[in-house]
Amino acid sequence: MPLPLVIVAGPTAVGKSDFAIELAKRINGEVISADSMQVYKGMDIGSAKITTEEMQGIRHYLIDVLEPTEDFNVASFKELAQKAISEIISHGKIPIVAGGTGFYIQALLYDIDFSESLGENPEIRSFLLNEYREKGPEYMFDKLREVDPETALIIHMNDEKRVVRALEFYHETGKPISVHNKEQYEKQSDYNFAFFVLNDYRDKIYEKIDRRVDIMVEKGLVEEVKALKQKGLTAKDVSMQGLGYKEILMYLNGEITLDEAVYRIKRDSRHFAKRQITWFKREKEVIWLNKYDFDDDLNKVLDFSLKVLKDKSII
């Protein structure tokens, strides 16, 4: 029998955590975070990490499990998430994967092979990194657009690691990484799953993003990044590449003003939300939960979702 799995995805600030917790209460579930930043200890404010109080007694996995000095990628997420699913099911509960990192969710759902060694060449990677830093993000992003326009649609030009990785993969294999991912994506899932995408009007999401960033600054985002910097973390650490962290680090290093840093966080978070929606629109077997279709009433969204889960024999 395929294992049951519920996915709660959607753009940043749309309300995934609240929805996942309320759903977990109703279906006897536990939550696995599919967030690339909440996995890190001490990175609470900038990642909008859920608090113990906000969890309302629902157990969460993949939160505060790594030090900020450690790397975290799609392969490590998949491994940790699979272990968490096994543990949750052993408790007689239903796993709910909640987050906005579509890449991670896709890898877990379809057991996609994103092996780090595939199409890897350290010498080429070093050359591309130097080229990125010497000629700038725009130049390298134009190169990526030429060889892999599909990947260019879903990553940001300032995402140095993923831009370089995509170019390295193309150089070594002769095909775009998006083609490889699509081939992997043809796989069928081993789970009996429901893939929900919570969504809202774009302007409401953007308003919530702006408000969330202001709250982060009020709560002490600058102090949080300062403490991480004092521990020796720099822009070279994967954790410090996260939205909110790299901009404040630039401010602390005297590269930009605080106002400019806040402006960039808001702008790039809005761009990120737009890319998330684009990603989920391309996913198969997605069930869209547009909040405006339910009069912005969480209980109505939950009632509909429970009916879907019953129809799919997940509950």
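The values are calculated or read from the model by the stated rules, or taken from the named source; none is laboratory data. Keep in mind it's a predicted model, so treat the numbers as computed, not measured. Counting neighbours? That spans all protein chains shown, and the Cβs are built from the backbone with ideal geometry, glycine included.
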* Structure fact -> Those residues of the stretch 292-315 which are more than 19 Å from Tyr191 (Cβ to Cβ) and either touching a Phe, Trp or Tyr at 6+ places or on another chain (Cβ under 8 Å) or among the polar types (S, T, N, Q) (or both) amount to Tyr292, Phe294, Leu298, Asn299, Lys300, Val301, Leu302, Phe304
* Is it the case that the stretch 255-270 has a residue that's touching a Lys or Arg at 6+ places or on another chain (Cβ under 6 Å) and under 30 Å from Val286 (Cα atoms)? -> no
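Each row is one residue, and each column tells you yes or no for (1) within 23 Å of Val217 (Cα to Cα); (2) of a type in the set (A, V, I, L, M, F, W, C); (3) not assigned by TED's automatic domain parsing to the domain that holds Phe193.
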site	(1), (2), (3)
Lys231	yes, no, no
Lys246	yes, no, no
Ile265	yes, yes, no
Thr278	no, no, no
* May I ask you to say which residue of Gly15, Gly42 is in contact with a helix residue (DSSP H, G or I) (Cβ under 7 Å, 6 or more places away or on another chain) and touching a residue at least 40 places away in the same chain (Cβ under 8 Å)? => Gly42
* **Search result, residues across the stretch 226-254 that are in contact with a Lys or Arg (Cβ under 9 Å, 6 or more places away or on another chain), of a type in the set (A, V, I, L, M) and more than 17 Å from Met157 (Cβ to Cβ)** => Val238, Met240, Ile248, Leu249, Leu252
* Asked: Just one of Gln56, Gln82 is under 22 Å from Glu283 (Cα atoms), in the same structural domain as Trp288 (by TED's automatic domain parsing) and over 14 Å from the mean Cα position of the chain (by Cα); which is it?
  -> Gln82
* Asked: Glu224 passes all but one of (1) of a type in the set (D, E, K, R); (2) in contact (Cβ under 8 Å) with a residue 24 or more places away in the chain; (3) in a helix (DSSP H, G or I); (4) surrounded by fewer than 18 Cβ atoms within 10 Å (Cβ to Cβ); which number fails?
  -> (4)
* Just one of Ala194, Ala152, Ala166 is at pLDDT 95 or above and either closer than 29 Å to Ala75 by Cβ or not assigned by TED's automatic domain parsing to the domain that holds Asn290 (or both); which is it? -> Ala194
* Asked: If you scan the stretch 230-251, which residues turn out to be over 13 Å from Gly46 (Cβ atoms) and part of a helix (DSSP H, G or I)?
  -> Gln230, Val238, Met250
